[in-house]
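Engineer: One structure follows; several queries about it will come next.
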Amino acid sequence: MPSLSALLVPGRLRPQGHRLRISWVVTGLVYVIFIGLREQVGGDWPNYLRHFYEIAGLAFSDVIEMGDPGYMALNWLMMDWGWGVYGVNLVCAAIFVSGLIVFCLKQYKPWLGFAVAVPYLVIVVAMGYTRQSVALGFVFWALAHLEQGNFKRYLLLIAAAVLFHKTAVLMIPLGIFLYRRGWLLRLIAVALAGYGLWDTFVGMEQERLWNTYVEQQMMSEGAKIRVFMNLVPSLILLVYWKQWKRYFPNPVFWLILALGSVATVFLVGFAPTAVDRVALYFTPLQVAVFARLPLLARRQVSSHAMTAGILLGYGAVLFVWLNYASHAYAWLPYRNVLFE
């Protein structure tokens, strides 16, 4: 449905806002069920199941000290309510999908942005990295508010993301690049918020994280490919930088994100998993750039032809991943608790 809608629905420079049409509501519900009620799907399914049952009989205060407090608190609540791991996954899916939709609705071609997100962000991330997918959902929400110039909501939503995955704290400094006025106050706010979140959630574990992801050279298969997937839209943004500044708000933020994505290409060989996890927060570039490319490149290629080309490209990405990725077996065959 997203791909067909991307081909049929024309682009709009004016954001569509929060008044969702029935098609978006239905699509969101379908994807929440698709992600949240999956059964034994995803490479980390056994680990998340183990985390869920490890908290049985523990007090709430003990549970939130075991790891990312937002995620662990959600596990404790779902166990108390008797919803099981499916309740956890359903709530996580709802946060991710709603954040993605709100962000897509700010794009020139919202359905194209959503379609671009399906092969990697929906299937691989949301169904494989549950905690980080929630953090990414909050990041999508935060970016939608940032483009509206709402710095406070950006910080609050990034703070919510940190509760589910510590690495989201790296998005805090990017709030500085909002607009020129009031940059000193934003700098102070970012410094205080960043220090507070880092000290509370990351400080005690920074040595362990460094040893795990860098010194021990923990590997992440496919890290170079995923970094390359961010590199392509980053280079496109740089090529169309003049047009981007003319049409879209907060251009400097996206420029910094693009330059950061370029930098990860040179760092991924040093610490593949660490760079892979950080680069995940750069993936909104793929959604934003390709959802806006039909407008940016309209003088070179027609909007319909560009949209079709992007859809074919991401269709090829999904085909290759499902057929040749070393861990694709953990996603195949797809199973859902509704049909088991």
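Engineer: Scan the range 87-104 and tell me whether some residue there is farther than 18 Å from L8 by Cα, open to solvent by 10 Å² or more (accessible area, probe 1.4 Å) and not in a helix (DSSP H, G or I).
Structural biologist: no
Engineer: For the range 322-336, give me the residue count where each residue is open to solvent by less than 50 Å² (accessible area, probe 1.4 Å) and in a helix (DSSP H, G or I).
Structural biologist: Going through the range 322-336 one residue at a time, the tally reaches 3.
Engineer: Can you find a residue in the range 300-315 that is closer than 18 Å to A223 by Cα and not acidic (D, E)?
Structural biologist: Yes, the conditions are met somewhere in the range 300-315.
Engineer: Are there any pairs with C-beta distances below 9 angstrom linking a residue in the range 291-314 that is over 17 Å from P110 (Cβ atoms) and without any contact (Cβ under 8 Å) to a residue 12 or more places away in the chain to a residue that is surrounded by 13 or more Cβ atoms within 10 Å (Cβ to Cβ) and among the small types (G, A, S), with the two at least 6 apart or on different chains, and if so which?
Structural biologist: Cβ pairs passing all conditions: V301/G309.
Engineer: Looking for something over 14 Å from V125 (Cα atoms), surrounded by fewer than 20 Cβ atoms within 10 Å (Cβ to Cβ) and among the polar types (S, T, N, Q) - is there at least one such residue anywhere in the range 303-315?
Structural biologist: Looking through the range 303-315, at least one residue is over 14 Å from V125 (Cα atoms), surrounded by fewer than 20 Cβ atoms within 10 Å (Cβ to Cβ) and among the polar types (S, T, N, Q).
Engineer: Something else about it: Which ones in the range 156-185 are modelled with pLDDT of 85 or more, assigned to a helix (DSSP H, G or I) and buried (at least 22 other Cβ atoms within 10 Å of the Cβ)?
Structural biologist: Across the range 156-185, the qualifying residues are L157, I158, A161, V162, L163, F164.
Engineer: Mind listing whichever residues of the range 227-250 are open to solvent by less than 20 Å² (accessible area, probe 1.4 Å) and among the aromatic types (F, W, Y)? Working first, answer last.
Structural biologist: Going through the range 227-250, the residues open to solvent by less than 20 Å² (accessible area, probe 1.4 Å) turn out to be 227, 230, 233-234, 237, 244, 248, 250.
Result: W244, F248.
Engineer: Which ones in the range 84-110 are touching a Ser or Thr at 6+ places or on another chain (Cβ under 9 Å) and over 16 Å from L29 (Cβ atoms)?
Structural biologist: V88, K109, P110, listed by residue number.
Engineer: Tally up the residues in the range 76-86 that are part of a helix (DSSP H, G or I) and either in contact with a Cys (Cβ under 6 Å, 6 or more places away or on another chain) or under 17 Å from V337 (Cα atoms) (or both), please.
Structural biologist: Of the residues in the range 76-86, 4 are part of a helix (DSSP H, G or I) and either in contact with a Cys (Cβ under 6 Å, 6 or more places away or on another chain) or under 17 Å from V337 (Cα atoms) (or both).
Engineer: Tally the residues that are open to solvent by 10 Å² or more (accessible area, probe 1.4 Å), assigned to a helix (DSSP H, G or I) and farther than 21 Å from P173 by Cβ, restricting the search to the range 257-285.
Structural biologist: The number of residues fulfilling the criteria is 1.
Engineer: When residues of the range 293-340 are filtered for being within 19 Å of L235 (Cα to Cα) and among the hydroxyl-bearing types (S, T, Y), how many remain?
Structural biologist: Total satisfying the criteria: 2.
Engineer: Could you say which residue among K152, K224 is at pLDDT 55 or above, under 22 Å from P249 (Cβ atoms), assigned to a helix (DSSP H, G or I) and open to solvent by 40 Å² or more (accessible area, probe 1.4 Å)?
Structural biologist: Working: K224 fails: under 22 Å from P249 (Cβ atoms).
Testing whether each residue is at pLDDT 55 or above, under 22 Å from P249 (Cβ atoms), assigned to a helix (DSSP H, G or I) and open to solvent by 40 Å² or more (accessible area, probe 1.4 Å) leaves just K152.
Engineer: Look at W76 and say whether it is modelled with pLDDT under 95, surrounded by fewer than 19 Cβ atoms within 10 Å (Cβ to Cβ) and farther than 22 Å from Y314 by Cα.
Structural biologist: Judged against the criteria, W76 is not a match.
Engineer: Still on this structure, please answer the following. Pull up the range 1-51, narrow it to residues that are on the phi > 0 side of the Ramachandran plot and open to solvent by less than 80 Å² (accessible area, probe 1.4 Å), then point me to the one that is modelled with the lowest pLDDT.
Structural biologist: Out of the qualifying residues, it is G17.
Engineer: Take A288 and decide whether it is surrounded by 23 or more Cβ atoms within 10 Å (Cβ to Cβ) and small (G, A, S).
Structural biologist: Values: surrounded by 23 or more Cβ atoms within 10 Å (Cβ to Cβ): yes; small (G, A, S): yes.
Taking the combined requirement at face value, the residue satisfies it.
Engineer: Any residue that is free of Cβ contacts under 8 Å to residues at least 40 places away in the same chain and either farther than 30 Å from L8 by Cα or within 18 Å of the chain's Cα centre (by Cα) (or both) - is there at least one of those in the range 36-47?
Structural biologist: Kept after step one, since they are free of Cβ contacts under 8 Å to residues at least 40 places away in the same chain, are these residues of the range 36-47: 46-47.
Retained after the next criterion (residues that are either farther than 30 Å from L8 by Cα or within 18 Å of the chain's Cα centre (by Cα) (or both)): 46-47.
Scanning the range 36-47 turns up at least one residue that is free of Cβ contacts under 8 Å to residues at least 40 places away in the same chain and either farther than 30 Å from L8 by Cα or within 18 Å of the chain's Cα centre (by Cα) (or both).
Engineer: Give just the number: which of (1) open to solvent by 40 Å² or more (accessible area, probe 1.4 Å); (2) of a type in the set (F, W, Y); (3) modelled with pLDDT of 55 or more does F253 not satisfy?
Structural biologist: (1) is the only condition that F253 fails.
The values are calculated or read from the model by the stated rules, or taken from the named source; none is laboratory data. Small disclaimer: the values here were computed from a predicted structure and weren't measured. So basically every Cβ, Gly included, is an ideal-geometry build from the backbone, and we count neighbours across all protein chains shown. Protein only, heavy atoms only, side chains kept; ligands, DNA and RNA dropped before computing areas. Shrake-Rupley method; radii C 1.70, N 1.55, O 1.52, S 1.80 Å.
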